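Quick note: the coordinates plus some simple rules give every number you see, no bench work behind them. Everything numeric in this text was worked out from a predicted model, so none of it was measured.
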Amino acid sequence: MNFCNAKHVAAAALISLAIGGANSKAWAGIDDYEFQLVQSAIKNGDGAIVAIRLIDKRSGKVVPDAVIFAKRVDMAPDGMEMMTAPIEALPSTEPGIYQFKANLIMPGGYRLSIGAKVQGETGSLENKLEFKATP
């Protein structure tokens, strides 16, 4: 291989790397993210705090600044899906952690259904997380 061919091969390799690096975000999708409970057992009562984190599954890092547009708490794990609890979003105390205040009136199994938009991604993220309210 002469010097001119080596230059062309090296230039093509650099261009490929540059294009691939620029498009690496394009390969991400809404399925690369998930909400996780910070705690799976929460003390029941009015004003119970349910905290979740948004994780990028590719890196394991938390994702801040998601826009939560839907939230619901019900007792579906105990067969009482129609028994819902009031829930309200609280200000975030740390990036990637989303907190909610709920009225968990009785001990038992609860399900948090959450809908969110992740900055820079198309589509909506929806997760259902189950936890226990303890006395």
task: Would you list, by chain and number, the aspartates and glutamates whose Cα falls below 12 Å from the Cα of LYS128, excluding same-chain residues fewer than 8 positions away?
output: GLU34, ASP74
statement: Karplus-derived 3J(HN,Hα) from phi for the range 33-46 (6.51 cos²θ - 1.76 cosθ + 1.60, θ = phi - 60°), whole Hz, x at Gly and Pro, runs 10, 7, 8, 9, 6, 6, 10, 9, 10, 10, 5, 6, x, 6
message: With N set to the number of residues, divide the alpha-carbon radius of gyration of the range 29-134 by 2.2 N^0.38 Å and report two decimals.
response: 1.04
Karplus-derived HN-Hα couplings along the range 51-68 (A = 6.51, B = -1.76, C = 1.60, θ = phi - 60°), whole Hz, x at Gly and Pro: 10, 10, 10, 9, 10, 8, 5, 6, 10, x, 8, 6, 10, x, 6, 6, 9, 7
message: As a quick test, which of the pairs LYS61/LYS132; LYS57/LYS132; LYS71/LYS132 have an alpha carbon distance above 19 angstrom in this structure?
response: LYS61/LYS132; LYS57/LYS132
statement: The alpha-carbon pair-distance distribution computed for the range 43-86, with 5 angstrom bins and whole-percent values, is 5, 14, 18, 20, 16, 16, 9, 1
- request: Using amide H atoms built 1.01 Å from N in the peptide plane, name the residues 5+ places from VAL38, or on other chains, whose amide H lies under 5 Å from its own.
  value: ALA51, ILE52, ARG53
- request: Work out, step by step, the length gained on full extension between LYS117 and ASP78: first 0.36 nm times the residue separation, then minus their alpha carbon distance; give nm to one decimal.
  value: 11.1 nm
field: Amide H contacts under 5 Å for ALA48, placed H, 5+ residues apart
entry: ALA102, LEU104
